[in-house]
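J.: Can you read through this structure? Questions will come right after.
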Amino acid sequence: MSRLTTPRIEAALQSALSAGEVGVQVAACLGDQLVVDTWAGETSAGSGDQVTGDTLFPVFSVTKALTATAAHLQVQRGRLRYDQPVAEVWPDYAQHGKDSITLEHVLAHRSGAPPIPAGTSVQQLLDWEWMCAGIAAEPPVAPPDTMNAYSPYGFGFVVGELVRRTDARKRSFQEFVRAEVLEPVGAHDFHLGLPASERGRVAILTGEEPPLLHPAGFGPRASPPDLPFGPSLYNLPEVQAAGLPSAGGVATAKATAKLFALYAGRGRVDGEQFLSDAVIEQCRRPRPLEPDQTYGYVLPVGYGGLWHVAPGVSNSRAGGALTDGILSHTGAGGTVAWAEPDRGLAVAILHNRSFFGPQAMAPFGEIGDAIHDLVG
């Protein structure tokens with residue numbers, strides 16, 4: 001398999017390895033053209049097995065961009081509305097006064113209902129019907145649209161259930177995104193529900209487990225510490241096979257860049273309009289710049305479910321790579337993908353070393369700069 005790369009990008013990859021990375025895979029699309037596709041390091045720390053262009057990586061919350069895209073398609077088709085109460089489609093969700101929470105509130109993580117059921121086990125997390133019933137029965141922590149409160153797990157089940165219930169063909173959410181999003185945009189190697197036949201291609205996660213989220217806020221209820229976004233849970237074959245709609249994606253960087261190229265191209269794929277201008281504008285509306293009550297600090301989330309880096313807001317987690325007007329999504333442990341509509345550029349940087357903290361993306365800033373150098 002041949003690489004698409006430059007000496008500066010390769011030097012940046014080696015710099016990331018020197019900074020402690022185990023395996024890294026990078027891809028970039030300029031318009032519909034793949035312009036970067038390269039990799040370095042090992043699929044498992046100390047194994048000697050080398051990452052290739054076919055290696056798959058867990059992408060954690062980068063998956064939320066895929067889930068949001070499915071909802072945007074249903075809005076575009078007239079099957080959902082952004083201002084539509086979730087309970088109009090899913091009546092059980094109205095429990096405990098959640099009847100006024102809309103799709104837009106959920107996409108922007110302003111529903112006021114970020115928690116999942118207390119004591120959720122791994123097996124329950126992998127049971128779609130159990131999770132949806134539990135989330136529907138969960139009381140909110142605040143009225144909708146009154147606070148920013150990121151929903152690490154619940155987001156995907158609420159959005160995914162809305163998509164599933166409005167699908168005329170009554171497919172599972174995983175079947176819907178494969179047929180309606182991933183295949184049409186050319187992201188063939190992005191898996192939400194990893195087939196057993198592909199398991200041997202997945203890089204093994206190593207490194208840190210995530211810290212307890214903002215104990216004074218809603219973090220431990222929205223992302224329980226016994227369901228960590230780290231190696232101990234996301235290396236499990238059953239978790240990778242389940243297709244968790246908030247964080248269960250397993251992909252190559254090339255496939256991830258193809259997904260984000262949809263946003264870099266302002267909704268166009270191969271010259272055809274796939275998402276409308278109205279959808280792209282929805283994504284580029286930033287929610288209020290107030291601290292997020294799940295994490296305790298400001299997150300640059302937009303009203304379309306992606307992160308939107310608005311003027312005056314920096315995203316230091318990606319070094320110098322993310323600037324004004326970028327649509328992106330990060331994932332636990334340092335994974336990142338982004339779209340730059342002004343350049344028509346989409347980039348994905350995947351890896352298998354989990355680490356956390358305010359400088360989590362520092363080893364990858366040089367890679368982003370090298371890609372910018374290539375495309376001008």
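The values are calculated or read from the model by the stated rules, or taken from the named source; none is laboratory data. Quick caveat: nothing in here was measured; it's all calculated off a predicted structure. When we count neighbours, we look across all protein chains shown, and the Cβ atoms used for this are built from the backbone with ideal geometry, even at glycine. We work out accessible area using only protein heavy atoms, side chains counted, and drop any ligands, DNA or RNA first. Shrake-Rupley method; radii C 1.70, N 1.55, O 1.52, S 1.80 Å.
J.: So Leu233 ticks every box in (1) under 20 Å from the mean Cα position of the chain (by Cα); (2) of a type in the set (A, V, I, L, M, F, W, C); (3) in a loop (DSSP other than H, G, I, E, B) but one. Which box is left unticked?
T.: (3)
J.: Where residues in the range 253-269 are touching a helix residue (DSSP H, G or I) at 6+ places or on another chain (Cβ under 9 Å), touching a residue at least 40 places away in the same chain (Cβ under 8 Å) and outside any helix (DSSP H, G or I), which of them is least open to solvent (accessible area, probe 1.4 Å)?
T.: Val269
J.: While we're on this one: Among the numbered criteria (1) on the phi < 0 side of the Ramachandran plot; (2) over 17 Å from the mean Cα position of the chain (by Cα); (3) touching a residue at least 60 places away in the same chain (Cβ under 8 Å), which one does Ala247 miss?
T.: Unmet for Ala247, out of (1) on the phi < 0 side of the Ramachandran plot; (2) over 17 Å from the mean Cα position of the chain (by Cα); (3) touching a residue at least 60 places away in the same chain (Cβ under 8 Å): (2).
J.: Please find, among Asp127, Asp54, the residue that is more than 30 Å from Gly23 (Cα to Cα), under 22 Å from the mean Cα position of the chain (by Cα) and open to solvent by 50 Å² or more (accessible area, probe 1.4 Å).
T.: Result of the check over Asp127, Asp54: Asp127.
J.: Now, a different point. Count, please, the residues in the range 14-37 that happen to be within 18 Å of Leu56 (Cβ to Cβ) and over 21 Å from the mean Cα position of the chain (by Cα).
T.: 1
J.: Touching a residue at least 24 places away in the same chain (Cβ under 8 Å), crowded, with 24+ Cβ neighbours inside 10 Å and either at positive phi or of a type in the set (A, V, I, L, M, F, W, C) (or both): is that true of His96 in this structure?
T.: no
J.: Please work out which residue is most open to solvent (accessible area, probe 1.4 Å), limiting yourself to the range 278-297 and to residues that are part of a loop (DSSP other than H, G, I, E, B), farther than 16 Å from Ser111 by Cβ and in contact (Cβ under 8 Å) with a residue 40 or more places away in the chain.
T.: In this case the residue turns out to be Pro291.
J.: Pull up the range 99-118, narrow it to residues that are without any contact (Cβ under 8 Å) to a residue 40 or more places away in the chain and not in a helix (DSSP H, G or I), then point me to the one that is farthest from Pro291 (Cα to Cα).
T.: The selected residue is Pro117.
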